[in-house]
Each structure stands twice: as structure tokens, then as C-alpha cells.
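Any read-out appearing in this document is the output of simple, stated calculations on the displayed coordinates, not a laboratory observation. What you are looking at is a predicted structure, and each value in this text was computed from that prediction instead of being measured. Because the Cβ atoms are built from the backbone with ideal geometry, glycine has one as well, and the counts that use them run over all protein chains shown.
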Amino acid sequence: MAEHRITCPFCMEKGNFETEFHAEKKKPSSDKKLNFDTLRCGNCAGYVMVLWSASEFAGIRGLHDYHSLPWALKLSNYPEYLPDVVGRHWLQAQRSIQGENWDAAALMARSALQAVLRDHQAQGRSLK
């Protein structure tokens, strides 16, 4: 699991964890496993529960996704699969939603969409 991507929700330290507990549940009809980890932050000693699973397809080894609880209340970065220009607007839109700044959120979401369309060379009124 990519612990370097997880942020401690208590002190906002990123990637500084030790595994305190690990359990897994195997899917009966395949090799897929659901993993349950309890991580302890090396900075503040807070605990984070992480549920994660790796891809079961042999051709895509190493791909996995996770969800952590509790999650960080402050957004400090955008998902790494987004291009920088889109990610900046996405992050501002998410922060605006958290602050209930609806006009700003709509504007930033529009800017993110506009950046994606420009990246794909969309032109004209129909953006084709």
C-alpha cells in the first residue's frame, strides 16, 4: 500500500506511519483481498484506519486504491492523476465547497472543466 500518499487527519503529516494492525479478507471466487490496516502516525501517535485492495487482474499488478478513516479535514493537494492546471482549479473548488462559497466553487469547477477541454484541443461553440 502507498502509505506515502496518506495524510494524518490530526497533524496533517504525510506518509509517516507504522502499521499497528493488519487483517485481510479474501474473496472466495478469486485471489482478490480486502485489507484492513490500522496505522499509527509517527508524528502525533494518532490512529488511522485504512481499507485498501489491490487489483485482481494479473496484467495490472501494483494498482490499488484505499480509503482512510478519519480523513483529513483540510485538503492540501489534488489527486495525482489530474494535470497540474486542472488540479489547482479542482483543489480551489473543493476548498470553496467546504467553506460554502458556492459562487467561487462553481467558478473553479468551470475553470477546471475549461482546462480539460483546452488540453483536448476543444474549439468553437460546440467544443468539438
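Could you work out the local net charge near L75, counting Lys and Arg as +1, Asp and Glu as -1, over the other residues with Cβ closer than 14 Å to its Cβ? Neighbour charge sum, excluding L75 itself: +4. Available extension along the chain between A23 and L75 is 15.9 nm, counting 0.36 nm per residue and deducting the alpha carbon span. Considering the chain, its Cα convex hull presents a mean projected area of 10.9 nm². Farthest toward the positive end of the dipole of the chain, out of A72, A122, N16, is the Cα of A122, where the dipole comes from beta carbon charges about the Cα centre. Using C-alpha pairs under 8 Å with a sequence gap of at least 6, the mean separation divided by the residue count of the chain gives a relative contact order of 15 percent.
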